[in-house]
Amino acid sequence: MTQKEKRPITAEDLYSFEVIKSCQISTDGKQIIYGLQSVNRENEKKYTHLWRIIIGEGNPQQFTFGEHSNTAPQWSPDGKWIAFLSNRQNEKQNLLYILPVGGGEAFPLTDFHGDIGEFDWAPDSKKIVFQFREYDQEDIEILTDDKKEKLGRVARRIEDRVFFKLDGYGYLPKNRFHLWTVDIKTKALKQLTDSNIHEESGPIWSPDGKKIAFFSNRSDQPDLNPSRTDLYLFDLEDGSEHKVITPEGPKGKASFSPDGKMLAYVGHEGLKAGYKNGELWVIDLEMPDSAHSLTAKYDFDVGGGVINDLGSVIISPPVWSDDGKVIYFQVGRHGRTSLHKIDLESEWLDTLLEFDGVVSGFSMDEQQKSLAYIRGTLTDPCQVALFNLTNGEQDVLTEINHSLLDQIDLGKFEEVWFKGADNNDLQGWILKPPGFDPQKQYPSIMEIHGGPLTQYGFFFMHEFFYLASHGYVVYFCNPRGGQGYGEAHAKAIYYGKWGTVDFADLMAWADYMKVQPYIDPNRMGVTGGSYGGYMTVWIIGHTDRFKAAVSQRCVSNLISLWGASDFNWSFQTIFDDKAPYENLDVLWECSPIKHIDTASTPTLVIHSLQDLRCAIEQSEQVYVALKNLGVETEFLIFPDSPHGVSRTGRTDRKIVRLQGILDWFERYLKD
């Protein structure tokens, strides 16, 4: 199909996109299993099914079918089984299943009422360790009794939790996540840990099968000290636990060395310091206080991702080389997620996979000759790819969404580096619309990312293509306050500095775009979600340079946000780590609603009713203030939707959201 014959992308194309949710190569390197999510337009539900690639033998084969989801597949070490989670018995309840690779039906290993989290195979493929959190008794009764399901929960009493809800989930059970094992032959279950206060995460089996490593916050009040994560070893022979001494700070993604004597993990040193880079740490388990960072001197973010609106970057645990001398890991930097390896002794760093895109969910075969991963780029959301570790050759094994994308003219991207407000280097991207004519002047839309501790980059954004398809130049960058550009960049707006250098950098970006010959300086718009919504409201209160704005799921009042978010009190760590009753002036000064009295920009306000991250009252304040000020505004509300409606929301609502954004800009930016 020629470029002229291609069509623009549409909002309804969201029904046709498929997204890879997981990917793992078998231990013998001959097969890859992956989970592929699609949308059922009839019932608006998303289903994920398992597909298998036999390397070198043609097209992928679908492994599971039906109107349910099968997720998080893991090969057993002996290659005979695939473990996965499925809700095939009850759409509201995942169970742990295993599927015989040689043939036969999948069967469940568990019959719980609750949440199953992370899991890991034993080295001998005879058992699995997994996280489990039991539902409250009233919720179990609702799940199993039709009458009670119709009536719903009568009441909920919060007694000892501070973090008691989670966006996209709802209110959390009283019980915590604990570790269990299950024998795949007998289905015998054994609970390893238990507590009313503490929970465990990230369980992995030691190479000799005698211990399980996990992470846990065992402080007296973990909800008030969320960064105090420690590393533990559980002895399967005597049932004892041993705390491994490591520096204070958040930790995750543990990985044993082949001989079981060392352990790697990702984390950073320090409490309440979210701006810090994730670092790759190693510890000799036979030497107390031996934990040290291998990557601190490189000033990059180990385990860092890139934003997109079809799926997300999957961060894998570090992988050790067979001889235990090298570790493989992902890095988020300059709009990419790349794959690197580092020598433990010399700390010499080598780049294995780095391109204009992301390396997501990687795994290796047992001989470490082949590496499978999910490959994403600006123009292709996801493919299963294979990297030959011996000769460096790469092969893309799937053609997911190709039949759709081959019909579409996405427009053209341009990457630019420009100077920020303090002569600092900033990275941005410009998307020019299909059929772009450099002799014309176009209306434009600046997109601002959420977080703020994340980054835009070389990853597919359907929303940007949709807006560009209607004749807009769409541009986006990574101002100070985000990750991917070193700790100083991320720390720049910490401790009560939101709305300072981040705002200045975004205005420098708008200045850069304003003088481009193809930009109409009188038809510039701005939008963003979450922290990007915060910045959008901040912008309309500080400048009238934009002719239209769309604020999405915003933060507008840092005082009323405190305690009302699923993040609860922890937002205060960004603002001098003081509660509103101790820090009212700083929180109010950093709140966009304080400065909204000067706003004149026509602004559409978008929010979800079940947003537990930034409660809808944050947008209600903006809408009412603008109405009171006589500023043109409307309020678009999505019921039964979470904070992440643009990424994980129901497809019909995602479409209406996109149409609402477009309609607003069409009204004010088009002649």
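The values are calculated or read from the model by the stated rules, or taken from the named source; none is laboratory data. Everything numeric here is computed off the predicted structure, so don't read it as measured data. Please note: Cβ atoms are built from the backbone with ideal geometry, for glycine as well, and neighbour counts cover all protein chains shown. Note: areas computed on protein heavy atoms with side chains; ligands, DNA, RNA excluded. Shrake-Rupley method; radii C 1.70, N 1.55, O 1.52, S 1.80 Å.
Data for the structure
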item	result
Any hit, region 439-460, residues being among the charged types (D, E, K, R) and part of a strand (DSSP E or B)	yes
Residue that is farthest from the chain's Cα centre (by Cα) [pool: residues in region 140-169 that are among the β-branched types (Val, Ile, Thr) and closer than 21 Å to Phe112 by Cα]	Thr144
Strands (runs of 3 or more DSSP E) completely within region 275-381 that count 2 or more residues being open to solvent by less than 50 Å² (accessible area, probe 1.4 Å) and in contact (Cβ under 8 Å) with a residue 60 or more places away in the chain	279-284, 326-333, 336-343, 357-364, 370-377
Matching residues, region 630-644, being within 13 Å of Gly170 (Cα to Cα) and open to solvent by 40 Å² or more (accessible area, probe 1.4 Å)	Asp640
Residue check for Ala421: buried (at least 24 other Cβ atoms within 10 Å of the Cβ) and more than 17 Å from Gly532 (Cα to Cα)	no
Residue tally, condition assigned to a loop (DSSP other than H, G, I, E, B), of a type in the set (A, V, I, L, M, F, W, C) and within 30 Å of His268 (Cβ to Cβ), over region 181-235	2
Neighbours by Cβ (under 7 Å, 6+ apart or cross-chain): first from region 186-200, open to solvent by 80 Å² or more (accessible area, probe 1.4 Å); second not in a strand (DSSP E or B)	Lys187/Leu109
Among residues of region 534-562, those that are open to solvent by 10 Å² or more (accessible area, probe 1.4 Å) and either among the polar types (S, T, N, Q) or modelled with pLDDT under 95 (or both), counted	3
Hits in region 35-91 - residues which are crowded, with 17+ Cβ neighbours inside 10 Å, out of contact with any Pro (no Cβ under 9 Å at 6 or more places or on another chain) and of a type in the set (Phe, Trp, Tyr)	Tyr47, Trp75
Close pairs from region 122-135: first farther than 16 Å from Lys185 by Cβ, partner of a type in the set (S, T, N, Q) and open to solvent by 40 Å² or more (accessible area, probe 1.4 Å), Cβ under 6 Å, at least 6 apart	Arg133/Asn175; Glu134/Asn175
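A quick yes/no check of all residues on (1) open to solvent by 10 Å² or more (accessible area, probe 1.4 Å); (2) part of a helix (DSSP H, G or I); (3) modelled with pLDDT under 95:
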residue	(1), (2), (3)
Asp576	yes, no, yes
Asp585	yes, yes, no
Thr601	no, no, no
Val605	no, no, no
Leu612	yes, no, no
Glu620	yes, yes, no
Tyr623	yes, yes, no
Leu626	no, yes, no
